[in-house]
1. Give me, ordered by chain and number, the residues 5 or more places off A91 or on other chains with an amide H under 5 Å from its own placed amide H.
2. Where does each of L127, L160 land when they are ranked from fewest to most other beta-carbon atoms within 10 angstrom?
3. Using θ = phi - 60° and the Karplus form 6.51 cos²θ - 1.76 cosθ + 1.60, what ³J(HN,Hα) does each residue of region 173-187 get, whole Hz, x for Gly and Pro?
4. So how do K23, K125 line up by other beta-carbon neighbours within 10 Å, fewest first?
5. Between E115 and I197, what FRET efficiency comes out of the Förster formula 1/(1 + (r/R0)^6) with R0 = 30 Å and r the beta carbon distance, rounded to 0.05?
6. Given the Cα-Cα distance of R64 and T81 and 0.36 nm per residue of separation, how much length would full extension add, in nm?
7. Can you tell me what the convex hull of the Cα atoms of region 78-199 projects to on average, as an area in nm²?
8. Give me, ordered by chain and number, the residues 5 or more places off I197 or on other chains with an amide H under 5 Å from its own placed amide H.
Amino acid sequence: MGFFAGLKKKLRFLYRLFLRKDKLKIGIYGPPNAGKTTLANRILRDWVGEIIGTPSEIPHETRRVKLREGVKIQVDGKSITIDVVDTPGIAAKVDFHDFLKYGLSEEEAKRRAKEATEGVIEAIKWLDDLDGILLVMDATEDPYTQVNVTIVGNIEARKLPLIIVANKIDLPTASPARIKAAFPQHQVVPVSALKGINIDALYKAMAEKFG
């Protein structure tokens with residue numbers, strides 16, 4: 001890392017540490033199909049009556065960063081105003097063959113793969129402009145993956161406040177305990193973003209962590 005890049009990172013950390021901002025940019029990160037857009041929609045529905053996008057079973061449905069500014073969350077007398085940043089799914093590699101099984105043409109699959117790859121790069125760049133992270137993991141899957149470890153490492157290197165959201169706890173095979181065991185150094189909040197289960201606990205954690 002160059003001198004000026006390192007200096008910029010240190011100044012950004014000190015700014016977050018000592019100056020309380022009126023509005024915080026909170027990024028929603030995670031691998032494809034973990035439920036990032038579903039969580040973003042849940043937050044927006046609950047607080048502003050909107051949605052930010054349409055979830056899909058096809059991976060990488062969100063291929064560009066989406067932003068909704070000025071969402072005010074109030075919990076137990078605390079309030080924070082956040083810009084919700086819904087990011088594309090982070091993947092080590094995007095293969096157009098993965099899209100073919102969903103009935104897409106080869107041309108469309110290749111276009112989506114290209115856009116998804118660009119979206120991953122965009123999402124990583126956004127880390128430099130954020131004040132906190134909601135990292136969404138599918139609680140039905142093994143959390144100790146290269147993608148999850150890489151994302152956590154990137155967030156830790158930037159000293160960004162982090163809450164891991166163990167999503168899909170409404171499913172019978174969900175195990176938030178596996179996520180807690182994999183990343184014991186971070187706060188884990190189990191939820192079902194789709195059904196709103198335990199979502200109030202997440203809002204409380206957000207107000208305490210990011211406020």
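Please treat every number below as a calculation from the coordinates, not as lab data. Bear in mind the structure is a predicted one, so any value in this text is a computation, not a measurement. When we count neighbours, we look across all protein chains shown, and the Cβ atoms used for this are built from the backbone with ideal geometry, even at glycine.
1. Long-range HN contacts for A91: none found.
2. On the way: L127 17, L160 20.
Final ranking by Cβ density, sparse to dense: L127, L160.
3. Coupling constants for region 173-187: 8, 5, 9, x, 4, 5, 5, 4, 5, 6, 10, x, 7, 10, 5 Hz.
4. Working: K23 14, K125 10.
Starting with the residue having the fewest Cβ neighbours, the order is K125, K23.
5. Working: r = 32 Å, r/R0 = 1.08.
About 0.40, to the nearest 0.05.
6. On the way: separation 17, 0.36 × 17 = 6.12 nm, distance 2.28 nm.
Extra length from R64 to T81 when fully extended: 3.8 nm.
7. Values: hull surface 36.1 nm².
Mean projected area of the Cα convex hull: 9.0 nm².
8. Answer set, sorted by chain and number: S192.
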